[in-house]
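Single-structure report; data block below.
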């Protein structure tokens, strides 16, 4: 049953209220993004079914066909295809031969290499998805940071920022840009060209790069990694003590912050049934089945093994710490000679941090389902998500892209993980790996896709889909890997927001918001209004996401342009630049989430560093609007 209504205040206010509720839900993150997106789409479909908005021919403008058409939007399909191409670059490590050239062990040249990688990432991000670029660059940057003797936190946030800035310069530099162009087409305007806003984009990127090089280093805090905090003194070793049922340590209690039965040892954490117990340990007693992670000197470890033999999990450690017999004298061992450690062997048990890549097979799986210890020979000591240590039972936590796992294992186990395509070892490894055979082919497909799109030989959706198909057909990645690369969050978010954009346009909600902005007292000129729009979109993109903002504000911006008698292109580019200012929040852009773990950042770190950058770009944009666009 349907009820015929003319476009009325009921329709407009329902859509505006629904928009506000969606924004609040996206910002609070109480529900997963996919849940909010589906709920939003369902509400719009039900409303359109029972309260249609007929056009001049009597067709319902809020029909299911109209609202669901966003899921077949060419720009959305192009974005997903570009994600597949990016995954092919990751799978084949096609950019590593280039990035590897920047690696150096010389402290002075390391700084030059860091700057060179920033420039390289900014340039390449103008033509491909930023996420694979950042994934490939993270371990290289860590290696350079180690060579230069600087903390990882000083370079990870700038890495994400330069990737975002580079994406401002071309139509395919960011999914945001494509979606703005697509929204313009749906509203009856000419789409944006590949290089339509490259010149002002380069101006914005240049101003941002100057901020990153000369101001940002003074705003980023220096923080130690999870592994370094756990290890403590460099002269100490990390070991795992497996408490057997008949162990003499069962029942040992913590007294004034230490365990008397473990002299000279600092217990860093206790893993009990998949649950982490962190200091202080007052009131805790060691139980059977516990795994103790301890930091101690070689002498202390040797003493504990002599007193409680067989508790160290690593066989290499047992061999290293075991008392050594002197030449031909069996009695020396019985005489109680002090155990010694071979330092090189004692370091076989190492700590490492690994990050779950986007598109990883482990996403949405628990550690128990992955069988991490059995599969990789290393034990997970903790999980950090968005710079917070997850304190729930480890075995039941479902992994997400960007999660950082703190693991302990032999050097061989950690090195084997380096070659795993679903994870990145965050330790700055500089060792050379053979270039995969498919790397040149994947790079060639990417370059061909960009060239065909940039020259206009093919439209961007056609070029992107062709490139994705070529990646699969050439064996650079298989169908399963390509499917994992298609981010369902982007698919559902963009599809539902396109439906919302349609509803805002049909019900005159976008026009209403545009008229409200026009009535702002100090925004009485095109320049002032463009500056206000930029700032509103820049704030919103850090609360929602860049894609959501692009779709939400494009109809509003075009309505403002029409009412002001200004070229709609200028206000569309304003939305692009504003929506790309995802610097003040880790949730605004995926690359921010990816560097949050390796850089050991907190939410407020992005606000402290990102807000001034947004203001710098805002000032730059005002200058561009006045002198370049002539507002």
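The values are calculated or read from the model by the stated rules, or taken from the named source; none is laboratory data. Because the structure is predicted, anything quoted here is derived from the model rather than measured. Cβ placement follows ideal geometry from the backbone for every residue including glycine, while neighbour counts extend to all protein chains displayed.
Annotations
- The number of residues in segment 522-559 being outside any helix (DSSP H, G or I) and modelled with pLDDT of 85 or more comes to 1.
- Qualifying positions in segment 91-117 - surrounded by 15 or more Cβ atoms within 10 Å (Cβ to Cβ) and either modelled with pLDDT under 70 or closer than 30 Å to residue 482 by Cβ (or both): 91, 92, 93, 94, 95, 96, 99, 100, 102, 103, 104, 117
- Of the helices (runs of 4 or more DSSP H) contained entirely in segment 428-521, those carrying at least 2 residues that are within 18 Å of residue 557 (Cα to Cα) and touching a helix residue (DSSP H, G or I) at 6+ places or on another chain (Cβ under 9 Å) fall at 488-506, 509-518.
- Residue match in segment 497-504 (condition: surrounded by 24 or more Cβ atoms within 10 Å (Cβ to Cβ), within 23 Å of the chain's Cα centre (by Cα) and in contact (Cβ under 8 Å) with a residue 60 or more places away in the chain): yes
- Residue match in segment 228-248 (condition: modelled with pLDDT of 80 or more, out of contact with any helix residue (DSSP H, G or I) (no Cβ under 9 Å at 6 or more places or on another chain) and within 30 Å of residue 152 (Cβ to Cβ)): no
- Residue in segment 61-75 that is surrounded by the most Cβ atoms within 10 Å (Cβ to Cβ), counting only those that are free of Cβ contacts under 8 Å to residues at least 24 places away in the same chain and outside any loop (DSSP other than H, G, I, E, B): 64
- In the set (1) assigned to a loop (DSSP other than H, G, I, E, B); (2) in contact with a strand residue (DSSP E or B) (Cβ under 9 Å, 6 or more places away or on another chain); (3) modelled with pLDDT under 80, residue 408 fails one condition alone, (1).
- For residue 22, the stated conditions hold: it is touching a residue at least 40 places away in the same chain (Cβ under 8 Å) and in contact with a helix residue (DSSP H, G or I) (Cβ under 7 Å, 6 or more places away or on another chain).
- Against the list (1) modelled with pLDDT of 70 or more; (2) surrounded by fewer than 17 Cβ atoms within 10 Å (Cβ to Cβ); (3) under 23 Å from residue 135 (Cα atoms), the condition residue 374 fails is (3).
- Residue in segment 609-616 that is more than 22 Å from residue 211 (Cβ to Cβ) and surrounded by fewer than 20 Cβ atoms within 10 Å (Cβ to Cβ) present: no
- The residues of segment 34-50 that are surrounded by fewer than 21 Cβ atoms within 10 Å (Cβ to Cβ) and more than 9 Å from residue 499 (Cβ to Cβ), listed by number, are 34, 35, 38, 39, 42, 43, 46, 47, 49, 50.
- Only a single item in (1) closer than 17 Å to residue 33 by Cβ; (2) crowded, with 24+ Cβ neighbours inside 10 Å; (3) not assigned by TED's automatic domain parsing to the domain that holds residue 210 is not met by residue 589, and it is number (3).
- Number of the exception - residue 421 against (1) at pLDDT below 80; (2) crowded, with 19+ Cβ neighbours inside 10 Å: (2)
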